1. If you go through the range 310-319 one residue at a time, do you hit one that is part of a strand (DSSP E or B), surrounded by 21 or more Cβ atoms within 10 Å (Cβ to Cβ) and hydroxyl-bearing (Ser, Thr, Tyr)?
2. Would the range 199-220 turn up any residue that is touching a strand residue (DSSP E or B) at 6+ places or on another chain (Cβ under 8 Å) and farther than 30 Å from Tyr174 by Cβ?
3. What number of residues within the range 139-166 satisfy the criterion of being in a loop (DSSP other than H, G, I, E, B) and either crowded, with 24+ Cβ neighbours inside 10 Å or in contact with a strand residue (DSSP E or B) (Cβ under 8 Å, 6 or more places away or on another chain) (or both)?
4. Being buried (at least 22 other Cβ atoms within 10 Å of the Cβ), under 21 Å from the mean Cα position of the chain (by Cα) and assigned to a loop (DSSP other than H, G, I, E, B) is the filter here; which residues of the range 33-83 pass it?
5. Could you list all residues from the range 320-333 that are under 19 Å from the mean Cα position of the chain (by Cα) and either free of Cβ contacts under 8 Å to residues at least 60 places away in the same chain or assigned to a loop (DSSP other than H, G, I, E, B) (or both)?
6. Any idea which of Gly274, Gly332, Gly305, Gly354 is touching a Gly at 6+ places or on another chain (Cβ under 9 Å) and either at pLDDT 95 or above or not polar (S, T, N, Q) (or both)?
7. Confirm whether Thr361 is touching a Phe, Trp or Tyr at 6+ places or on another chain (Cβ under 6 Å), in contact (Cβ under 8 Å) with a residue 12 or more places away in the chain and polar (S, T, N, Q).
Amino acid sequence: MTAPAASADQPRRGAADLGVNVKVFDPAMPVAEIQAELDRAHAAQVDNEMGTERYAYLFKPGHYGTAEQPLQLKVGYYTEVAGLGASPTDVVINGKVEVYNRCLTEGGTANCLALVNFWRTLGNLTINVNGAGQDGCRSATNFWAVSQAVSMRRLNVTGGPLSLMDYCTAGPQYASGGFIADSRLPVVTNGSQQQWLTRNSEVAGWSNGVWNQVFSGVVGAPDDADFPNPPYTTLDTTPLSREKPYLFVDAKGAYNVRVPAARRNTSGVSWANGTTPGRTIPLRDFYVAKPGDSVREINTALLLGKHLLLTPGVYDIARSIEVRRPDTVVLGIGHATLTAVNGAVPLDVAGVPGVVIAGVTIDAGTKLSPVLLRVGKEHGVNWSSPNNPLTLSDVYFRVGGPHVGKTDTALEVNSDNVLIDHTWVWRADHGVEGFTDTERWRTNTGRTGVVINGDRVTATGLFVEHFQRHNTVWNGEDGTTVLYQNELPYDPPTQADWMKGSVEGWAGYKVGDRVRRHTLHGGGVYVFNQNNPEIHTENGFEVPRTPGVKLHHIMTVNLGAGTVDHVVNGIGDPADTTRIGAPVYVAEYPVP
């Protein structure tokens with residue numbers, strides 16, 4: 001696909017700096033022209049799972065599509081679709097914004113599923129659902145059949161229901177998502193989604209659930225009194241939240257970034273009573289980076305007080321981008337991707353208050369990196385604030401897939417008072433490298449996905465998969481996780497390769513032995529040892545046996561191979577091949 005040029009009517013301040021991989025639409029443009037552009041983009045990106053192309057499609061305030069000629073767009077890989085209004089109601093799409101099952105075999109007509117519908121972003125607009133011209137199955141519903149690294153934020157959906165599965169393309173099939181925040185939604189059909197977190201939103205209704213559905217601060221959420229039938233976990237309020245920064249155009253046509261404030265114990269959308277609380281930063285205060293820019297130049301701009309906007313593309317990072325100043329914002333659009341070169345740590349963030357890192361994907365390179373994103377010093381003093389937490393929003397990690405990847409740890413948090421709001425930390429279980437599973441185990445190496453050493457760290461939507469030891473290690477005190485999803489590695493060749501000393505396997509979620517206070521709401525560890533189905537993992541979760549460490553609604557499940565012997569600390573039946581797809585739940589730990 002030829003990279004789309006920016007629209008000619010973009011104002012000189014800001015918009016022209018967003019680069020050739022950003023398209024800005026104006027409501028004066030003909031619907032047919034917009035539809036044709038978005039159809040071309042989807043055709044190029046619908047199967048581009050391991051490609052390097054990155055795009056953002058932005059809509060200025062106004063209405064797009066009509067009742068007779070709706071704008072119906074589909075979103076492919078590495079694509080962001082977002083409104084440029086100050087409020088989600090400022091941009092209205094009469095039509096749909098959708099993702100369908102992807103058909104992978106027999107020329108794209110069979111094996112249709114949503115399990116690999118990764119890496120796409122939708123936000124800050126209203127969808128007035130209109131399926132005019134679509135077939136009967138699709139005509140009344142907006143479909144969003146996605147899996148990990150897919151973010152829905154600041155949406156206002158009206159006129160019809162929202163379905164998180166595609167039941168029109170070869171049956172529902174499974175999907176492995178997902179995340180919604182700060183959105184006002186109609187009735188939602190969860191359907192075949194294995195896990196999902198909905199945070200600080202409003203829903204008119206919710207139906208179905210597979211294994212692990214978590215609601216945090218959601219007005220209209222179902223209660224969880226009958227857990228695990230259905231498998232709902234409901235928190236009336238979210239203990240700590242900060243909405244993701246977003247671009248918007250002001251009344252003079254200038255581009256700005258709104259940076260929401262951190263909030264505690266809240267529910268509902270942040271924009272219910274007007275502008276989302278926070279601060280506005282004009283785009284002129286950002287260094288607007290493009291692939292190929294010098295890291296030295298980026299770091300100089302950051303040191304001098306600039307913020308950083310990463311435009312869509314892949315950035316080769318041979319030395320760390322260093323974020324040292326409090327309240328610095330690093331915002332990526334269009335799934336901007338930092339790839340480690342020569343074992344670099346692509347992003348190194350000081351443990352200082354108020355830094356926000358959002359919308360960035362970080363890839364391991366072919367030479368071993370010690371860590372891909374480090375937050376705070378590993379040894380020494382970190383300066384933090386509980387009222388202004390350092391925040392990571394929609395920050396994704398990948399080890400392998402499009403190329404060989406090697407890291408010891410993907411995400412390392414050493415600072416106190418950090419908020420992780422939606423991350424997918426993925427050691428690839430498939431890719432284009434051409435490896436067998438055994439070769440992948442030796443070549444795409446990732447020891448640990450997430451290590452939390454700081455105190456008072458909160459994670460809302462922590463998805464970590466396939467690492468070769470503990471996927472998550474939590475050593476800090478007073479940690480809180482709201483939804484944890486993990487798949488153990490598919491590819492250990494033998495049991496000997498999957499041993500922690502004399503213990504069979506590494507728990508998918510490990511709370512350090514010295515920790516005395518920790519809380520988890522809604523957690524799942526899944527097993528699919530396809531390389532060797534005889535492999536065992538003793539526990540899905542491993543935590544200190546102390547009253548202050550509390551796990552609420554946790555489970556393990558077998559996806560077809562291997563065994564997890566217990567859910568947590570020797571408690572819970574085996575998730576083995578006699579109960580494929582049937583979760584083993586522990587409602588509370590310690591057991592009352």
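The values are calculated or read from the model by the stated rules, or taken from the named source; none is laboratory data. Keep in mind that this is a model prediction, so the values were computed, not measured. All Cβ positions, even for glycine, are placed from backbone atoms using ideal geometry, and neighbour counts span all protein chains on display.
1. Yes, the range 310-319 contains a residue that is part of a strand (DSSP E or B), surrounded by 21 or more Cβ atoms within 10 Å (Cβ to Cβ) and hydroxyl-bearing (Ser, Thr, Tyr).
2. Let us first name the residues in the range 199-220 that are touching a strand residue (DSSP E or B) at 6+ places or on another chain (Cβ under 8 Å), namely 199-220.
Add one more test, that the residue is farther than 30 Å from Tyr174 by Cβ, and what stays is none.
Taking every residue of the range 199-220 in turn, none turns out to be touching a strand residue (DSSP E or B) at 6+ places or on another chain (Cβ under 8 Å) and farther than 30 Å from Tyr174 by Cβ.
3. The initial filter retains those residues of the range 139-166 that are in a loop (DSSP other than H, G, I, E, B), namely 139-141, 145-149, 159-161, 164-166.
Now narrow it down to the ones that are either crowded, with 24+ Cβ neighbours inside 10 Å or in contact with a strand residue (DSSP E or B) (Cβ under 8 Å, 6 or more places away or on another chain) (or both): 140-141, 145-149, 159-161, 164-166.
Result for the range 139-166: 13.
4. Matches in the range 33-83: Arg54, Val75, Gly76, Tyr77, Tyr78.
5. Taking the range 320-333 and keeping what is under 19 Å from the mean Cα position of the chain (by Cα), we get 329-333.
Once the filter is applied, which keeps residues that are under 19 Å from the mean Cα position of the chain (by Cα) and either free of Cβ contacts under 8 Å to residues at least 60 places away in the same chain or assigned to a loop (DSSP other than H, G, I, E, B) (or both), the range 320-333 yields Val330, Gly332.
6. Details: Gly274 fails: touching a Gly at 6+ places or on another chain (Cβ under 9 Å); Gly305 fails: touching a Gly at 6+ places or on another chain (Cβ under 9 Å); Gly354 fails: touching a Gly at 6+ places or on another chain (Cβ under 9 Å).
Testing whether each residue is touching a Gly at 6+ places or on another chain (Cβ under 9 Å) and either at pLDDT 95 or above or not polar (S, T, N, Q) (or both) leaves just Gly332.
7. Working: touching a Phe, Trp or Tyr at 6+ places or on another chain (Cβ under 6 Å): yes; in contact (Cβ under 8 Å) with a residue 12 or more places away in the chain: yes; polar (S, T, N, Q): yes.
Yes, satisfied.
To keep it simple, each residue is scored yes or no on (1) surrounded by 18 or more Cβ atoms within 10 Å (Cβ to Cβ); (2) small (Gly, Ala, Ser); (3) farther than 23 Å from Val214 by Cα; (4) over 27 Å from the mean Cα position of the chain (by Cα).
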position: Thr546; (1), (2), (3), (4): no, no, yes, yes
position: Leu551; (1), (2), (3), (4): yes, no, no, no
position: Ile554; (1), (2), (3), (4): yes, no, no, no
position: Val557; (1), (2), (3), (4): yes, no, no, no
position: Ala561; (1), (2), (3), (4): yes, yes, yes, no
position: Gly572; (1), (2), (3), (4): yes, yes, no, yes
position: Thr577; (1), (2), (3), (4): no, no, yes, yes
position: Ala582; (1), (2), (3), (4): no, yes, no, no
position: Tyr585; (1), (2), (3), (4): yes, no, no, no
